[in-house]
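Worksheet for the structure shown next.
Bear in mind these aren't lab numbers, they're just calculated from the coordinates by the rules spelled out. These figures come from a predicted structure and were not determined experimentally. Ideal geometry is used to build each Cβ from the backbone, glycine not excepted, and the neighbour counts take in all protein chains shown.
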Amino acid sequence: MKDLKLAESEHRFMKIVWENQPLSGTQLVKLCADSLGWKKSTTYTVLKRLSEKGVVENRNSTIVPLVSRKEVGIYESENVIARSFDGSLTGFVAAFMEGKKLSKDDANRLRAMIEDWEE
């Protein structure tokens, strides 16, 4: 499996790529300048780093993601659960829900998902 652990700046960069794909290098530089305040050199440094990780590709000056936002989210959430909750999904949910209430609709949707996921 690819290393999909992204630094905060890489995640913000990928958000731009995911929301605007496919895009040219020129468009990417402009969007990163406008949204992140980055210079052209910073944009291309991050692009190169993420290309080396296999997360994004520059195909003849067209920037395309090689992984989806969902794939990165799954990878990151699995790592948080493994690292912070010893792999316990129940422990994670309990900590996440501490002091919160669910609406009836959310509770029903969660019940339906749990039934679908049960072995």
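Structure notes:
- Gain upon complete extension [Ser77, Lys53; 0.36 nm per residue less C-alpha separation]: 6.8 nm
- Convex hull (Cα only) mean projected area of the stretch 49-115, reported in nm² to one decimal: 7.1
- Sorted peptide list for 105-113, 43-51, criterion being average Cβ within 10 angstrom, highest first: 43-51, 105-113
- Lysine pair number, Cα distance threshold 12 Å (strictly under), the chain, separation 8 or more or different chains: 5
- Pairs of Cα atoms farther than 20 Å apart, the stretch 8-69, %: 9
- Farthest toward positive dipole pole in the chain [+1 Lys/Arg, -1 Asp/Glu at C-beta], among Val72, Ala112, Asn58: Asn58
- For the stretch 30-71, size of Cβ-based charge dipole, Lys and Arg +1, Asp and Glu -1, in debye: 80
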